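**Q** Once you've had a glance at the structure underneath, I'll fire off some questions.
The values are calculated or read from the model by the stated rules, or taken from the named source; none is laboratory data. Worth saying up front: this structure is predicted, and the values here are computed from it rather than measured. Counting neighbours? That spans all protein chains shown, and the Cβs are built from the backbone with ideal geometry, glycine included.
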Amino acid sequence: MSAREISTVPATSGLGLRERKKLKTWQSIRREAFRLFAEQGYEATSVDQIAAAAEISPSTFFRYFPTKEDVVLMDEYDSMLGDALGDRPADEPIVDAVRHALSDSLARLLASDREELLFRTRLTFSVPSIRARSLEEQLRSQTAIAALIAERTGRDADDLEVKCAAAAIIAVLTTVIWHWVEHDGAGDLTAMYDNQLTLLSKGLHL
């Protein structure tokens, strides 16, 4: 799991009519794409088929998703972890801050999106083109976590210890969700993250 991973309809009370229409189209594309991926496989599904199912043009599809892989990798929750971390006490150790922030945000996500999260993660690890892109996303997330660590600790984001701490956190997040998916979603994912990040926090002090 990357920091962005983390389909429910998000709160729209603050959105104007244009934004709500765009969100509705965005969700329709993803919904139809996931349906087709489940029915006929990811590789066998074309952008043209997704666009037709969502009743849009292929050019409109690409205005919402730069590539077919992005249908799987992009979600409404891109800033969830970063926002949640921003709400944690400034003097809280970074791993504990991530643990609490993730627990709060993930519980809400699982309450409505558990099956979608399972499906998306299976695709991410099993489809070569998505897996390659997800590695890029993990590096992006690692950089983002390093920046948050640097901000919270007053250290440089290029500090090797800061970078290694961010890498360790991302490794735990990715390993836990893959274990969960390998076991068909058995067990409490939030508790798994909490347990493993607690172990990490005992040996990582920043």
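**Q** Just the residues that are closer than 20 Å to ASP75 by Cα and either surrounded by 20 or more Cβ atoms within 10 Å (Cβ to Cβ) or of a type outside the set (S, T, N, Q) (or both), please, taken from region 143-154. Break it down into steps so the answer makes sense when it comes.
**A** In the first step, residues of region 143-154 are kept if they are closer than 20 Å to ASP75 by Cα; the result is 143-145.
Correct list: ALA144, ILE145.
**Q** Let me ask something additional. Within region 1-76, which helices (runs of 4 or more DSSP H) (wholly inside it) include 1 or more residues that are modelled with pLDDT under 95, over 30 Å from LEU197 (Cα atoms) and aliphatic (A, V, I, L, M)?
**A** Values: elements: 17-40, 47-53, 58-64, 69-73.
Fully inside region 1-76 and qualifying: 17-40.
**Q** Go through LEU123, LEU139, LEU135 for me and flag whichever is surrounded by 15 or more Cβ atoms within 10 Å (Cβ to Cβ), of a type in the set (A, V, I, L, M, F, W, C) and part of a helix (DSSP H, G or I).
**A** On the way: LEU139 fails: surrounded by 15 or more Cβ atoms within 10 Å (Cβ to Cβ); LEU135 fails: surrounded by 15 or more Cβ atoms within 10 Å (Cβ to Cβ).
Selected residue: LEU123, the only one of LEU123, LEU139, LEU135 that is surrounded by 15 or more Cβ atoms within 10 Å (Cβ to Cβ), of a type in the set (A, V, I, L, M, F, W, C) and part of a helix (DSSP H, G or I).
**Q** Run ILE177 past the list (1) among the hydrophobic types (A, V, I, L, M, F, W, C); (2) touching a Lys or Arg at 6+ places or on another chain (Cβ under 9 Å); (3) buried (at least 18 other Cβ atoms within 10 Å of the Cβ) and report the number of the one that doesn't hold.
**A** Checking ILE177 against (1) among the hydrophobic types (A, V, I, L, M, F, W, C); (2) touching a Lys or Arg at 6+ places or on another chain (Cβ under 9 Å); (3) buried (at least 18 other Cβ atoms within 10 Å of the Cβ), the one that fails is (2).
**Q** When you go through (1) surrounded by 13 or more Cβ atoms within 10 Å (Cβ to Cβ); (2) in a helix (DSSP H, G or I) one by one for GLY185, which number turns out not to apply?
**A** Status for GLY185: all satisfied but (2).
Matching residues to (1) farther than 21 Å from GLY41 by Cβ; (2) of a type in the set (A, V, I, L, M, F, W, C):
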| position | (1), (2) |
| --- | --- |
| PHE61 | no, yes |
| THR67 | no, no |
| ALA84 | yes, yes |
| ASP91 | yes, no |
| LEU102 | yes, yes |
| ALA111 | yes, yes |
| ARG114 | yes, no |
| PHE119 | no, yes |
| ARG122 | no, no |
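**Q** Now a separate question. Hey, does region 160-171 have a residue that's in contact with a helix residue (DSSP H, G or I) (Cβ under 9 Å, 6 or more places away or on another chain), loosely packed, with under 15 Cβ neighbours inside 10 Å and among the basic types (Lys, Arg)?
**A** No: region 160-171 contains no residue that is in contact with a helix residue (DSSP H, G or I) (Cβ under 9 Å, 6 or more places away or on another chain), loosely packed, with under 15 Cβ neighbours inside 10 Å and among the basic types (Lys, Arg).
**Q** Need pairs with beta-carbon distance below 6 Å; first residue in the same structural domain as LEU173 (by TED's automatic domain parsing) and within region 128-149, second outside any helix (DSSP H, G or I) and surrounded by fewer than 21 Cβ atoms within 10 Å (Cβ to Cβ); sequence gap 6+ or separate chains.
**A** Going by the 6 Å Cβ cut-off, the qualifying pairs are ALA146/ALA157; ALA147/ALA157.
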